[in-house]
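Worksheet: the structure to be examined is printed underneath.
The values are calculated or read from the model by the stated rules, or taken from the named source; none is laboratory data. Bear in mind that the values here come from a model prediction, so they are computed numbers and not experimental data. Cβ: placed from backbone, ideal geometry, glycine included. Neighbour counts: every protein chain shown.
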Amino acid sequence: MRLLLAISLRRLLAQPLRTSLVAAGIALGVAILCSFNLLRSEIDESFRKGIDAIAGKADLEISAGPTGVAEEALERVRRAPGVAHATPVLDTVANLVGGPAGDSVRVVGIDLLGDDYFFGDLLGDRSHDEAPVEDPLAFLNSTESVLVAEAFARKRGLGVGASFQVATPAGVRPLRVRGLLPMEGVADAYGGDVAVMDLYAMQIAFGREGRFDRVQVALEGEGASVDLRAAALRRALGGDLRVERPASRGERVARMLLGFRTALSFASGLALIVAMFLVYNAVSIAVAERRGEIGLLRALGGTLAQVRRLFVAEAALLGAVGGAAGAGLGVLLARLLAGNVGESVSSLYVRVQVGTIEARPGVLASSAAFGVVSSALAAILPARAAARVAPAEAVRRSPPRPETVRDGRLAVAGGCAFAASAALAPLPMVRDVPVGGLLSSLVLVLGFSLCAPIVLRLSAPALARVAERIAGLPGRLAAQNLARLPGRTAVTVSALGVAAALVISVGSFVVSIKTAVHQWIENSVRADLIVTASSPWLGTTNTPIPSAIADDVRRMPGVAAVDPLRSLHADVSGQRAVLFAHDVVTYERYGDPVYTAGDAETVVRELPRGAIAVSSNLAARRKLGVGDTLTLDTPAGARDFRIVAIFVDYTSDAGMVRFDIGVYRQVFGDSLIDAVDVYLVPGLPAGKVRALRDQILRRHPGHDLRVYTNRDLREISFGIVDQTFRVLGSLQLVALIVAILGVLNTLVAAVIDRTREIGMLRAVGATRRQVRVAVITEATLIGIGSSLIGVPAGLILHFIFTRYVNYQTSGFMFPYTIAWPAIAQATIGVGVVAALAGIYPARRAARLQPTAALRAE
Amino acid sequence: MIRVERVRKIYREGKVPVEALRGVSVEIARGQFVSIMGPSGSGKSTLLNLIGALDRPSEGDVSLESRAYSSLDDDQLSLLRRRRIGFVFQFFNLMPTLTALENVLLPALLDGRPSRETEERAVKLLEHVGLAGRASHRPAELSGGEMQRVAIARALVTRPPVVLADEPTGNLDRQTGREVLALLRLEARESGTTVVMVTHDPEAAAVADRTITLRDGKIVEAG
């Protein structure tokens, strides 16, 4: 084995360019995988750490509906059997005012006087030599006092005594730093962007009088399992309070992010597949070039297994180098993408603070190992081919026999793959993962790859005619070379084809989403102006405001009607969904939402009487229809609501439950709103509209208000779609680069293979330019060939993604829209980049001295 | 016709420079059939490559029909090879993706679309070398002797004044080698072409009008 390794190592070192090309390809594939895994771990950990840090010693958490636990319930919990300690908590993300957009801080309200079991004595921790707060009494006397994590203070240059402003439902409030928390416990959550207030001061400052977000509970003794004791507590407390382990909250968030995570995993899987194509290709080329060496090894007594091992080990070695480099690159890439991913997740799902991406050794090692294993796997087939080389044949150095690729067999295998892909796509999800759709996509890619040699052979004559017309004899030779080693070329074509398919499917998917969102905004969001605080993303990153603002705007000149909206994420039968309440009558008068079941008339009649409407994606995912009921947690306990209509809505892939705002206020006892939809008097001049906007902002200076026009909202929505898919864009780029490395490698190998042919061409009078043209034409034709595969593959992938994968994970049925610009971009793109990849091998070929070329064996 | 003047060729590929030709001068007249002989490493192929404008001398100059190679750039040398020189190599060297007829036409194809006259000539040459029925076959479907005959037809298709052959029989059995040699001789005589042939084989050399013998990079016998 040592001998074999020495042979491989020297071989790899002797061809530094090609070795580095392949290693770079593996590195890029691994980098994508590694960076996505790091981002995922960071987001997961950020939630888990946040929950752990605040839950601390708590065995269970008590919560109640979207508006929190009423103060009265605390005593009930404390008196319940089995409860050793119970403390209330307020926990919210507040937008910072006056800093960069989107900057926020997690504010945690803790009973600083009453609790020292869960959080320790934060005001005068006896375990520290120095208490963090000089004067605990002064701290408790002010509703502005906060302790902030050292990291938060450092990042924003705040010292003790300094103050900063946050947006709260009660308006913009100053908070004064009274002490710094060392980076442990609560302070270590959410990347250190944490501030701690006294619970009762926070109730006043944030307009949450009389309510808590949760009550944390530590159970007595050890005894029976926590689950059993939770069940007992649940029975003792009655139906209006929810009892669960702190970790369940994290699990729900994780489930909500599943769609996003699925897309990332799938995409990184594809990048790795492209890298595997590259390895397969490189090893095939190495086998073809080293037939003599293999023959010699075999002639001298090397076994079949040794020859196979030689090539697999060589690939694994490349995989190790590429994997290690890729893991490092992955950290950089993850850091580059962190902001983008954090913003996407925050605006679409739930607020996250993606802090500095740590180089987690576990993720790095597993990604690098993935590189080694997938490289070795990709080498197995060509290594088997190497072992089949007959010793005599190889030693004789007869030119390699032309490849015998059996079209029939390939066609049957390809057909089977297509059939399997069609059969897999509609399978239901397994544990919330659209396994069928994802496997279907992979098998589809495999099917197209199997058909690549046939496509090449069939298209070669036509390509040859066209190429000859354009580039003369060199063009024709290029086209014929393409079909000469269809097995080898097809792998390159497939890899580039997969990259093109990725560009086309993602591009088309984005257009599908935009088409749907555009149509939806057109029908359902007709307000002329939308007033919110801090951010346009209702329910995720905005700050709620008092409903009095809606009443005030209603009275302003030029306003025809207003529709106050409340939008918040809540648990709906164990899964997150958006609760959305508004003035149904006003909304239906101006808007024209699309109902897939029920109608506007029923909605206007029934919603004010306590019924609900649900979004089509929520109905699809939970198999609900008109006439069914949905159980929701309310402050008065679980309550059933009758569904009277199903409407199309793209606000959240978690789904939406719509209430009339009057009913919502009555049921949930919550008078806050998240936005005011403003309908203007028809024909209001632009100047008056501007004046109205100014007036709204001027009259409520204490609320960090934003006024968006309908067009702003549309642009912002499209912006977030683009931003979300920018992460996938980086992936397309990597897939393309890896595929290009494949083209480069294939052509460099082809030039080496054909050194004598090139020498002969030069000898009989071909100019250097003609040789260059031949190689570049061949590269361009590889690009064109890959479009022949990439375009249909991309369109079908788009179909599988729209109809199955996305529908299953989000319940959204987006229209199947073909994005012609994406197709044009992909086909022209792969042609051009393939041609560019041909430049180096072409120069290399043209530089060959005819005599040296003729001498080559 | 062909003039080689005080040519030295030094290869500097390895650590030690190798002087393959040490000041060789020779003139070859039009229509001559010249064989170059000598042991391995004597510089035979190097001399042939220099005459064929496949390589440039380190010192001295080569000229064909009074055009000194040193005055030509790479493209001009390519055109010279394409139009004025025919090549026959030991290892057949046909393009595997082209048919026999296309291989014969290769130099003309590199010039663009071949004229009708050239195409007719190619067909006639294939007939002459006994491969009329094999015009549409690819190299893989031909025997070694047949491939070499295609190569001879290719070397003659543009009516070049010079044909250079490097061990043209080296890879053929004795009988086939004789036939190929006779063919080369016949075709050259008919068209008045100058032939310069490198060979190891005294029997092959005997066909020539004149034999130049090289040893250690120097001409020891100019015939």
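For the reader, a short list of remarks on this structure follows.
- Options A:L728, A:L692, A:L705; residue that is surrounded by 17 or more Cβ atoms within 10 Å (Cβ to Cβ) and within 30 Å of A:F277 (Cα to Cα): A:L728
- Flag for A:G436 being surrounded by fewer than 24 Cβ atoms within 10 Å (Cβ to Cβ), more than 14 Å from chain B (Cβ to nearest Cβ), in contact with a strand residue (DSSP E or B) (Cβ under 9 Å, 6 or more places away or on another chain) and touching a residue at least 12 places away in the same chain (Cβ under 8 Å): yes
- Where B:Q175 falls short, out of the listed (1) free of Cβ contacts under 8 Å to residues at least 12 places away in the same chain; (2) closer than 24 Å to B:G31 by Cβ; (3) of a type outside the set (D, E): (2)
- Tally of residues being under 15 Å from A:R803 (Cα atoms) and either among the aromatic types (F, W, Y) or more than 22 Å from the chain's Cα centre (by Cα) (or both) across the range A:403-443: 6
- Criterion violated by B:H200 - all others in (1) in a helix (DSSP H, G or I); (2) closer than 18 Å to B:N49 by Cα satisfied: (1)
- The range A:469-501, subset under 17 Å from A:G838 (Cβ atoms) and among the basic types (K, R), residue nearest to the other protein chains (Cβ to nearest Cβ): A:R484
- Enumeration of residues in the range B:125-142 that are more than 9 Å from chain A (Cβ to nearest Cβ) and part of a helix (DSSP H, G or I): B:L125, B:L126, B:E127, B:H128, B:A132, B:G133, B:R134, B:P139, B:E141
- The set of residues in the range B:181-197 being surrounded by 21 or more Cβ atoms within 10 Å (Cβ to Cβ), modelled with pLDDT of 85 or more and part of a helix (DSSP H, G or I) consists of B:L181 alone.
- Boolean, A:L788 is within 24 Å of the chain's Cα centre (by Cα), surrounded by fewer than 24 Cβ atoms within 10 Å (Cβ to Cβ) and away from chain B (no Cβ under 14 Å): no
- Identity of the residue in the range A:808-828, surrounded by 20 or more Cβ atoms within 10 Å (Cβ to Cβ), more than 29 Å from A:G655 (Cα to Cα) and modelled with pLDDT under 90, that ends up farthest from the other protein chains (Cβ to nearest Cβ): A:A822
- Members of the range A:710-768 that are β-branched (V, I, T) and within 14 Å of chain B (Cβ to nearest Cβ): A:T755, A:I758, A:V764, A:T767
- Looking across the range A:444-462, the residues that are surrounded by fewer than 24 Cβ atoms within 10 Å (Cβ to Cβ) and over 31 Å from the mean Cα position of the chain (by Cα) come down to A:I454, A:V455, A:R457, A:L458, A:S459, A:A460, A:P461, A:A462.
- Output for the range A:769-785, where each listed residue is crowded, with 24+ Cβ neighbours inside 10 Å, away from chain B (no Cβ under 14 Å), aliphatic (A, V, I, L, M) and over 18 Å from B:L106 (Cα atoms): A:I776, A:A779, A:I782
- Restricting attention to the range A:288-307, the residues that are buried (at least 19 other Cβ atoms within 10 Å of the Cβ) and farther than 16 Å from A:V748 by Cβ total 8.
- Every residue from the range A:174-193 that is surrounded by fewer than 20 Cβ atoms within 10 Å (Cβ to Cβ) and within 21 Å of A:S534 (Cα to Cα): A:P174, A:R176
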